[in-house]
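In what follows, a structure is listed as structure tokens, so that the remarks can point back to it.
Any read-out appearing in this document is the output of simple, stated calculations on the displayed coordinates, not a laboratory observation. Everything numeric here is computed off the predicted structure, so don't read it as measured data. Here the Cβ positions follow ideal geometry from the backbone for every residue, glycine too, while neighbour counts run over all protein chains shown.
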Amino acid sequence: MSDWIPDEDTIRLIRKYAMQNALEYDGKGQAASVQGRILGEVAELRQHAKHLFGVLGPAIEEANQLWNDEGAEAVTAVLLAEAPDALEKRVKERREGLPELPNAVKGEVILRFAPNPNGPLTIGHSRGVIINSQYAEMYDGKMILRYDDTDAKIKRPDLKAYDWIKEDFTWLAGVKPDIILEASARMPEYMAHAKQFIADDYMYVCTCTADEFKQLRIDQQECPCRANSALKNSDLWNQMNDTEGGFNEGDAVVRVRTGMEHKNPALRDWPALRIQRASHPKVGDKYRVWPLLDFQSAVEDHVQKVTHIIRGKDLMDSTRKQKLLYEMAGWNYPETLYWGRVKVHEFGGFSTSQMKIDIENGDFNGWDDPRLPTVRALRRRGFSAAAMRKFWIELSLTQKDISVPLATLISHNSTEIDSSTPRLSFIQNPVMLALNCAGIELPDAIDIPCHPLEKEMGVRNWALPRDSELQVYIEKEDFDIAIASDGKIRLKDFADIDVSENKGGVVTSMPRSDERPIIHWLTEEMATNHTLLRPDEQGEQLDEIKGLLEKNPHPSGTIIQLERIGFARLESSESEPSMTRMIWTHS
């Protein structure tokens, strides 16, 4: 609904919370916070969240400007007149951090994060890394990174992903995992447990076809294979593992003997192991029978003495299945906590498998393409691990499914990186102006702050020519606006100028003489050709914005803030290491 326009009530609400936010944060109100308060009061506006965020700017700018120009008293006066309720102290204090873990003993907590290494981590995976590792830190516990890589066919592991995931995990958590396991290397453990469970009659070998068992499950009728003795099941198990045993893929599976009376069909004699004829990239053709995830994970959690499992509520059936197996074996099941689904508006729905296909088809330029929701892409763009941690800890462990704008993460990231980010001038669609400086005593150079507030970051020194004419670049949009009005503009940190239609101009004053608009600019000597890679609003195209970037000493990887544009990250070109480009971060 891109044509959505806020009604008068919504406009008043925007103004109210913009003023309240500016008052609370000393003239530094932010859109994400204002939007959160609005959506918390009027749930119906959530369907317009993306477009609401786009109209908050003017109200927030006005509120912040009022605070900065006239102080807190002026903002308070507006709220007293228009929305006195916004001045009332909120009774409900916001809880900071994560809730306590149930039945947790400090020094004894063991948690795990268990991705499938069929690709790098996504923004969704980052939640599992951050929440689990934060709890491990809170309780002086241990954190296990376990690669659940026993599916060599449908979610086939990518050998590069093992290192990608370990690297992303360490970046997100701020520390390395205490233990790293590969399930494919732990196969003897799973096979030994399977053999013992069959011998103990906890599991049996089923030779029904998939369709036959499906109907039995629907009818809640026992599978005839359940009548097999433990001795016969052990013999069938050996045949499943024997290449000469006569069983092909799909001919036999090992099932957990839970019963067909369960109300939940997923719990009825669920499958634990099956024959899979696919060469594994780590262990090759060594195994013929492979565990399914619910069995493999259940055994490994027990062996590693995992105390708490934290995962999505969509895996509640996995908990129920595994608990039945644990009860048979006499094991204690870990404490289990769940979170609901979080959807980030701008990324929509995605899967690692589909992204892999899209990359292979050339729709994206690798796993770190700025348009993708992978951790590698977010790192490349300039998002900080600290911002990611604050984002997920703030959302905590609610089981409610929620949808949030990327602006929430952007707000955290801006707070984290702003104070350490040097400013640079980048001119898009440049127009050269020849400025007459006659009668103005220009200095040899001007010093422009690297950061408007962080004085210790120093200055950028721009040399100025000694003749009476100065060549500068400004953006065509600024030039057109100036010509359409009175031609009066101010070059930031330098001088007032009057421009003319013939792309000439006159320097009229070094000190600021009036309220003319301030624009960013570059001298001819300080300008270098540069490219900004920026995803379009739909996230479908990666636009290459050509322009002129201020000469600077910053190495590849530096996060910068482009004057009046936003944050970006400098990056060397792989094909031409001496050439640099910028990857868009956010505004």
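Would you please put 338-347, 129-138, 113-122, 65-74 in order of how densely packed they are, using the mean number of other Cβ atoms within 10 angstrom per residue and starting with the highest?
Highest mean packing first, the order is 113-122, 129-138, 338-347, 65-74.
Can you give me the three principal axis dimensions of region 421-587 from its C-alpha atoms, in Å, biggest first?
Ordered largest first, region 421-587 gives principal extents of 48, 36, 29 Å.
Karplus couplings for region 178-189 from phi (6.51 cos²θ - 1.76 cosθ + 1.60, θ = phi - 60°), rounded to Hz, Gly and Pro as x?
My calculation for region 178-189 gives 6, 9, 10, 10, 10, 4, 4, 8, 9, 4, x, 5 Hz in order.
In degrees from 0 to 90, rounded to the nearest 10, what is the angle of the helix 385-395 Cα long axis to the longest principal axis of the chain?
70 degrees
Compute the long axis of helix 210-219 from its Cα atoms, compare it with the longest principal axis of the Cα atoms of the chain, and write down the angle in degrees, 0 to 90, nearest 10.
That helix lies at roughly 80 degrees to the long axis.
Would you mind telling me the antiparallel percentage of the DSSP bridges in region 100-345, rounded to 5?
Of the beta bridges lying entirely in region 100-345, close to 45 percent run antiparallel.
For the residues Trp270, Trp164, what sequence is obtained by ranking on other C-beta atoms within 10 Å, fewest first?
Ascending number of Cβ neighbours within 10 Å: Trp164, Trp270.
How much mean residue ellipticity at 222 nm does the chain get from its helices, if each DSSP H run of length 4 or more adds -39500 (n - 2.57) and you divide by all residues, to the nearest 500 deg cm²/dmol?
Computed ellipticity for the chain at 222 nm equals -10500 deg cm²/dmol.
Test of the criteria: in region 398-462, which trypsin sites (Lys or Arg not before Pro) are in a DSSP loop and have at most 13 other Cβ atoms within 10 angstrom of their Cβ?
Lys400
If you take every residue apart from Gly349 with its C-beta less than 14 Å away from the C-beta of Gly349, what net charge results, scoring Lys and Arg +1 and Asp and Glu -1?
-2
If you average 1/r over all unlike Cα pairs in the chain and invert the result, what Kirkwood radius do you get in angstrom?
28.4 Å
If packing is taken as the mean number of other Cβ atoms within 10 Å per residue, what is the order of 544-551, 562-569, 478-485, highest first?
Descending mean neighbour count gives 562-569, 544-551, 478-485.
Please compute the contact order of the chain in relative form: average sequence separation of alpha-carbon pairs under 8 Å and at least six residues apart, divided by the residue count, as a percent.
It comes to 10 percent, rounded to a whole number.
Compute the relative contact order of region 421-587 as a whole-number percentage, counting only Cα pairs closer than 8 Å that sit 6 or more residues apart in sequence.
About 23 percent, as a whole number.
How many nm separate the modelled label positions at Ser351 and Ser485, each set 7 Å beyond the Cα in the direction of the Cβ?
5.3 nm
Once the other residues with Cβ under 11 Å from the Cβ of Asp269 are scored (Lys, Arg +1; Asp, Glu -1), what is the net sum?
+4
Antiparallel DSSP bridges in the chain: what percent, to the nearest 5?
Of those bridges, close to 70 percent are antiparallel.
Which entries in Lys155/Lys343; Lys455/Lys503; Lys166/Lys400; Lys305/Lys356; Lys50/Lys166 show an alpha-carbon gap greater than 32 Å?
Over 32 Å apart, Cα to Cα: Lys455/Lys503; Lys305/Lys356; Lys50/Lys166.
Quick one: which residues, 5 or more positions from Thr122 or on another chain, have an amide H under 5 Å from its amide H? H modelled 1.01 Å from N in the peptide plane, none for Pro or chain starts.
Result for Thr122 returns Val375.
Output the 0 to 90 degree angle, nearest 10, between the alpha-carbon long axis of helix 316-329 and the longest principal axis computed from the alpha carbons of the chain.
40 degrees
Among the aspartates and glutamates, which fall within straight-line cross-link reach of Lys286, defined as a Cα-Cα distance under 13 Å, with same-chain neighbours fewer than 8 residues apart omitted?
Asp242
Gap in Å between the Cα centre of region 314-389 and the Cα centre of region 411-431?
Here the two parts' Cα centres lie 30 Å apart.
Report the full-extension gain for the segment Glu62 to Lys176: residue separation times 0.36 nm, less the Cα-Cα distance, to one decimal in nm.
Computed gain between Glu62 and Lys176 is 36.5 nm.
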